[in-house]
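Engineer: My questions all concern the structure below.
What follows draws every value from the coordinates through simple rules; no lab data is involved. The model shown is predicted, which means the values in this text are computed figures rather than measured ones. Positions of Cβ are backbone-derived with ideal geometry, glycine not excepted, and every protein chain shown enters the neighbour counts.
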Amino acid sequence: MKINEVSKKYHIASDTLRYWERVGAIPAVTRDSAGYRNYDNEDLDWVSFAMCMRDAGVSVEYLIDYISLFKQGKQTVQARKELLNDQLEIVSARLAKMQKSYNKLKYKVDHYEKIDKDYEGKMGKH
């Protein structure tokens, strides 16, 4: 799959894909005989992983560290697991905070119609 097809499929800029590859946030992408990127299934899996991590707020630097460890082979499995666990804890905390905000907003929306139109609290004073 060519880079423009990957860009469209995943709704991500081609420049971002090139950048991730250049800095090592994803492994080097398979190239065809003319030197053009030709994403195979493994490359697409790495793009999907990077997108998932970035959507969760994981830094590009973290991805670079993870890929660097991955390239070193099986002896880094424990270190990679620890990195993932660290990120899982960070994402979990962020998720809990977002859930709290969501719950408060949902409460406000669900109960908005119950608010007395003649409310004279701080927000109702002119």
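Engineer: What are the residues in the stretch 54-80 that are among the hydrophobic types (A, V, I, L, M, F, W, C) and closer than 15 Å to residue 21 by Cβ, if any?
Structural biologist: 60, 63, 64, 67, 70
Engineer: Taking the condition of being touching a helix residue (DSSP H, G or I) at 6+ places or on another chain (Cβ under 8 Å) and either in a loop (DSSP other than H, G, I, E, B) or more than 21 Å from residue 60 (Cα to Cα) (or both), how many residues in the stretch 10-35 meet it?
Structural biologist: 9
Engineer: Let me spell it out: the conditions are (1) within 22 Å of residue 16 (Cβ to Cβ); (2) exposed (fewer than 10 other Cβ atoms within 10 Å of the Cβ), and residue 91 meets all of them except one. Which number is the exception?
Structural biologist: (2)
Engineer: In the stretch 50-67, which residues are surrounded by 13 or more Cβ atoms within 10 Å (Cβ to Cβ) and in a helix (DSSP H, G or I)?
Structural biologist: 50, 51, 53, 54, 60, 62, 63, 64, 65, 66, 67
Engineer: Turning to a different aspect of this structure: Could you list all residues from the stretch 68-90 that are under 28 Å from residue 29 (Cα atoms) and among the hydrophobic types (A, V, I, L, M, F, W, C)?
Structural biologist: 69, 70, 77, 79, 83, 84, 88
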